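Colleague: Mind having a look at this structure? Questions to follow.
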Amino acid sequence: MTPPPAHAGVVPELVVEDVTVRFAGLVALDAVSFAVAPGSTHALIGPNGAGKSTCFNVVSGVYRAASGSVRFAGAELTAARPHEVAALGVARTFQNIALSARLPVRDNLMLGRHRLTRSGFVSAGLRLPSARRESVRHGARVAQIAEFVGVADVLATPVGLLPYGTQKRVELARALCMEPRLLLLDEPVAGMNGEERREMAELIVSVRESLGISILLVEHDMGMVMRIADTVTVLDFGRRIAGGPPEEVQRDPEVIRAYLGESREGAS
Ligand SMILES: Nc1ncnc2c1ncn2[C@@H]1O[C@H](COP(=O)(O)OP(=O)(O)OP(=O)(O)O)[C@@H](O)[C@H]1O
């Protein structure tokens with residue numbers, strides 16, 4: 001297996017500072033701050049409704065913050081649109097798979113290269129040599145990433161025909177096709193069986209080790225978070241209640257209280 005080359009550019013720090021998001025009367029994020037160190041895996045955890053997805057959506061430019069700042073690569077992301085955030089090298093996967101089910105895996109991955117494609121629709125449509133050369137180059141890179149992620153043997157298969165665990169891998173591959181410096185993974189193992197979870201965890205570790213990029217991860221699978229994260233930020237009711245290395249966070253009384261509270265509610 002040939003790992004993809006490390007990102008050529010510098011991997012910047014992601015700094016989230018005092019971010020507040022409100023929906024009508026509800027404060028979904030309340031002055032939340034944390035930083036993702038370059039090349040680290042940072043997990044965002046917390047009970048249901050804690051604000052994790054909202055935080056992801058602010059970082060990726062989908063939601064607007066009422067106040068606070070998110071900085072990456074010298075840019076203020078709270079003022080940026082999703083395509084501008086992507087152009088800075090931030091790629092994301094979604095809780096529910098967001099791929100074109102009818103298209104083969106290869107086409108889905110080529111769509112991930114779109115941001116990096118120089119030749120426009122006209123030169124591509126006219127099949128100009130420059131556009132052809134570029135397309136061959138992207139195709140080679142797509143094949144390399146597919147090999148790395150373990151989906152090379154299904155490149156010609158429509159995504160909708162693949163098992164769920166494989167579709168999640170294709171989604172990760174598509175995000176990697178954007179050559180990100182920061183990868184946002186929204187519940188990458190949700191809905192997977194034990195074997196698929198283990199394989200995905202290994203893959204995430206090898207993405208970080210081979211590419212040296214930063215990963216911000218939202219995940220409910222605590223075992224996985226504790227195994228693969230360098231740093232954990234814990235949210236509860238929109239507030240950051242703890243943060244630090246996994247072994248420290250899991251002993252934190254406030255974190256234990258937040259999770260016990262959730263299981264009590266779930267049990268009642
Ligand atoms: N678009 C929206 N409009 C109104 N309220 C929203 C919206 N998005 C999120 N919320 C609310 O904001 C709060 C935080 O939700 P969020 O989805 O960020 O939590 P979460 O930690 O990701 O939860 P889960 O683990 O269940 O996915 C919740 O009370 C939720 O109902």
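Colleague: Scan region 125-141 and report the pairs whose first residue is buried (at least 16 other Cβ atoms within 10 Å of the Cβ) and whose second residue is at pLDDT 80 or above, with Cβ atoms within less than 8 Å and a gap of 6+ or a chain change.
Modeller: 138/110; 138/113; 141/113; 141/177
Colleague: Which residues, counting only those in region 249-259, are in a helix (DSSP H, G or I) and in contact with a strand residue (DSSP E or B) (Cβ under 8 Å, 6 or more places away or on another chain)?
Modeller: 249, 254, 255, 258, listed by residue number.
Colleague: Would you confirm whether any residue within region 63-70 is away from the ligand (no atom under 12 Å from the Cβ), within 27 Å of residue 206 (Cβ to Cβ) and assigned by TED's automatic domain parsing to the domain that holds residue 236? Walk me through how you get there before you give the answer.
Modeller: Quick first cut of region 63-70, residues away from the ligand (no atom under 12 Å from the Cβ) only: 65-70.
Cutting the leftovers down to within 27 Å of residue 206 (Cβ to Cβ) gives us none.
No: region 63-70 contains no residue that is away from the ligand (no atom under 12 Å from the Cβ), within 27 Å of residue 206 (Cβ to Cβ) and assigned by TED's automatic domain parsing to the domain that holds residue 236.
Colleague: Check region 232-251 and report whether any residue there is under 17 Å from the mean Cα position of the chain (by Cα) and either buried (at least 22 other Cβ atoms within 10 Å of the Cβ) or in contact (Cβ under 8 Å) with a residue 40 or more places away in the chain (or both). First the steps, then the outcome.
Modeller: Of the residues in region 232-251, the ones under 17 Å from the mean Cα position of the chain (by Cα) are 232-233.
Among the residues that remain, those that are also either buried (at least 22 other Cβ atoms within 10 Å of the Cβ) or in contact (Cβ under 8 Å) with a residue 40 or more places away in the chain (or both) are: 232-233.
Looking for residues that are under 17 Å from the mean Cα position of the chain (by Cα) and either buried (at least 22 other Cβ atoms within 10 Å of the Cβ) or in contact (Cβ under 8 Å) with a residue 40 or more places away in the chain (or both), one finds at least one in region 232-251, hence yes.
Colleague: Residue 137: modelled with pLDDT under 90 and out of contact with any helix residue (DSSP H, G or I) (no Cβ under 6 Å at 6 or more places or on another chain), yes or no?
Modeller: Working: modelled with pLDDT under 90: yes; out of contact with any helix residue (DSSP H, G or I) (no Cβ under 6 Å at 6 or more places or on another chain): yes.
It is true that residue 137 is modelled with pLDDT under 90 and out of contact with any helix residue (DSSP H, G or I) (no Cβ under 6 Å at 6 or more places or on another chain).
Colleague: Residues to consider are 41, 54; find the one that is within 16 Å of the ligand (Cβ to nearest atom), in contact (Cβ under 8 Å) with a residue 24 or more places away in the chain and polar (S, T, N, Q).
Modeller: On the way: 41 fails: within 16 Å of the ligand (Cβ to nearest atom).
54 is the lone residue from the list that is within 16 Å of the ligand (Cβ to nearest atom), in contact (Cβ under 8 Å) with a residue 24 or more places away in the chain and polar (S, T, N, Q).
Colleague: Next question. Please work out if residue 93 is buried (at least 16 other Cβ atoms within 10 Å of the Cβ) and modelled with pLDDT under 95. So that I can check it myself, show each step before the final result.
Modeller: Numbers: buried (at least 16 other Cβ atoms within 10 Å of the Cβ): yes; modelled with pLDDT under 95: yes.
Judged against the criteria, residue 93 is a match.
Colleague: Here's another thing I want to ask about it. Identify, from the list 201, 175, 146, the residue that is modelled with pLDDT of 90 or more, in contact with a strand residue (DSSP E or B) (Cβ under 6 Å, 6 or more places away or on another chain) and part of a helix (DSSP H, G or I). Steps first, please.
Modeller: On the way: 201 fails: in contact with a strand residue (DSSP E or B) (Cβ under 6 Å, 6 or more places away or on another chain); 146 fails: in contact with a strand residue (DSSP E or B) (Cβ under 6 Å, 6 or more places away or on another chain).
On inspection, the qualifying residue turns out to be 175.
Colleague: Tally time: how many residues in region 58-74 are modelled with pLDDT under 95, of a type outside the set (D, E, K, R) and surrounded by fewer than 16 Cβ atoms within 10 Å (Cβ to Cβ)?
Modeller: Number of matching residues: 2.
Colleague: Out of the residues in region 215-240 that are assigned to a helix (DSSP H, G or I) and within 14 Å of the ligand (Cβ to nearest atom), state the one that is modelled with the lowest pLDDT.
Modeller: Kept after step one, since they are assigned to a helix (DSSP H, G or I), are these residues of region 215-240: 222-228.
Still in the running and within 14 Å of the ligand (Cβ to nearest atom): 222, 225.
Numbers: 222: 87, 225: 93.
My answer is 222.
Colleague: Let me ask something else. Take residue 207 and tell me if it is within 25 Å of residue 107 (Cα to Cα), not acidic (Asp, Glu) and not in a loop (DSSP other than H, G, I, E, B). Please lay out each step first, then the result.
Modeller: Details: within 25 Å of residue 107 (Cα to Cα): yes; not acidic (Asp, Glu): yes; not in a loop (DSSP other than H, G, I, E, B): yes.
Answer is yes for this residue.
The values are calculated or read from the model by the stated rules, or taken from the named source; none is laboratory data. All of these numbers come straight from a predicted model, not from anything done at the bench. Backbone-built Cβ (ideal geometry, glycine too); neighbour counts: all protein chains shown.
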